[in-house]
1. With within 20 Å of TYR181 (Cβ to Cβ), modelled with pLDDT under 90 and under 22 Å from the mean Cα position of the chain (by Cα) as the only criterion, which of THR51, THR83, THR71, THR61 stands out?
2. Since TYR144 meets every condition but one in (1) at negative phi; (2) surrounded by fewer than 21 Cβ atoms within 10 Å (Cβ to Cβ); (3) in contact with a strand residue (DSSP E or B) (Cβ under 8 Å, 6 or more places away or on another chain), which condition does it not meet?
3. I'm told GLU158 meets every condition in (1) touching a Gly at 6+ places or on another chain (Cβ under 7 Å); (2) over 30 Å from THR39 (Cα atoms) except one. Can you identify the failing condition by its number?
4. Of the residues in segment 156-169, how many are part of a helix (DSSP H, G or I), in contact (Cβ under 8 Å) with a residue 24 or more places away in the chain and either buried (at least 20 other Cβ atoms within 10 Å of the Cβ) or aliphatic (A, V, I, L, M) (or both)?
5. Is it true that LEU226 is without any contact (Cβ under 8 Å) to a residue 24 or more places away in the chain, over 21 Å from ARG59 (Cβ atoms), of a type outside the set (Val, Ile, Thr) and not in a loop (DSSP other than H, G, I, E, B)?
6. Provide a single number: the residues in segment 114-149 that are modelled with pLDDT of 60 or more, in a helix (DSSP H, G or I) and among the charged types (D, E, K, R).
7. Specify which of the listed residues (ASN212, ASN143, ASN172) is in contact (Cβ under 8 Å) with a residue 24 or more places away in the chain and either within 24 Å of PRO78 (Cα to Cα) or not β-branched (Val, Ile, Thr) (or both).
Amino acid sequence: MAPTKRIARKNQPLKGAPKTAPLRALQRLAMVIFLLSATPVLILRWVPPPTSMFMIIDRWTPTSTTHPPHTIHYQWVPFDEITHHLKLAVLASEDQTFVHHLGFNFESIEQALEDNLTRKIPRGGSTISQQTAKNLFLFGGRNYLRKVLEAYFTALIELSWPKQRILEVYLNIAEFGPGIYGVKAAATHFFGKSPAELGREESALLAAVLPNPKVLKANAPSAYVLKRQQWISRQMQHLGGKRALDDL
């Protein structure tokens with residue numbers, strides 16, 4: 001009987017042995033979450049986004065208790081059919097180090113944090129890559145969960161897309177006014193032109209409203225918007241003009 005007892009004890013799990021089942025379940029869950037989030041990012045490297053999370057929210061959120069949601073104006077336009085003036089104006093306005101960083105500009109983030117501690121008006125530190133991730137997949141707000149998700153999707157986009165694709169998608173989904181999404185809708189709505197026909201000053205004016213397109217207006221620019229337009233126009237020259245796009 002003694003050998004039988006030894007065999008039985010040998011087959012019993014050791015006390016204190018790690019329980020691997022919960023760990024494996026977490027690993028499987030993490031893999032499922034990764035696949036579900038990475039798949040649309042990979043698809044959108046080649047396929048034009050049919051919509052964005054910001055458009056969906058805008059379409060179904062009433063502007064007030066008496067006004068219905070905005071009508072969404074959005075039409076995709078290829079990168080080569082957008083004037084270099086508008087590409088450069090957006091880089092000058094939103095992310096002058098876009099071609100060099102890997103999705104995050106930590107110097108701008110640090111400066112934004114310092115400014116937010118000393119100023120009443122919050123300042124953003126988001127790159128074009130971060131804004132693309134936020135507009136495509138996420139919701140508004142400044143809570144920590146959204147920031148974590150934004151960083152995650154930004155990393156996925158930077159790893160999966162070339163810089164030119166990131167800028168192309170951003171130009172097509174950025175909001176330029178209430179219900180006006182993308183450069184095609186903006187150029188048509190505000191100037192009656194195609195994105196290829198916009199001039200330098202028109203492009204700078206559109207870029208000037210990007211920080212707050214529901215308040216700042218390209219068709220009735222305030223003194224602040226006009227000042228930003230002039231600043232953006234100077235920055236376009238400072239970046240080197242059209243040559244700044246050669247590294248995309």
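The values are calculated or read from the model by the stated rules, or taken from the named source; none is laboratory data. This is a predicted model, so every value here is computed, not measured. Cβ sites come from the backbone with ideal geometry, for glycine too, and all protein chains shown count toward neighbours.
1. THR61
2. So the condition that TYR144 fails would be (3).
3. (2)
4. Counting residues in segment 156-169 that are part of a helix (DSSP H, G or I), in contact (Cβ under 8 Å) with a residue 24 or more places away in the chain and either buried (at least 20 other Cβ atoms within 10 Å of the Cβ) or aliphatic (A, V, I, L, M) (or both) gives 7.
5. yes
6. Summing the residues that are modelled with pLDDT of 60 or more, in a helix (DSSP H, G or I) and among the charged types (D, E, K, R) in segment 114-149 gives 4.
7. Step by step, each of ASN212, ASN143, ASN172 is checked, and only ASN172 is in contact (Cβ under 8 Å) with a residue 24 or more places away in the chain and either within 24 Å of PRO78 (Cα to Cα) or not β-branched (Val, Ile, Thr) (or both).
A quick yes/no check of all residues on (1) in a loop (DSSP other than H, G, I, E, B); (2) surrounded by 10 or more Cβ atoms within 10 Å (Cβ to Cβ); (3) modelled with pLDDT of 95 or more:
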| site | (1), (2), (3) |
| --- | --- |
| GLY16 | yes, no, no |
| MET31 | no, yes, no |
| LEU42 | no, yes, yes |
| ARG45 | yes, yes, yes |
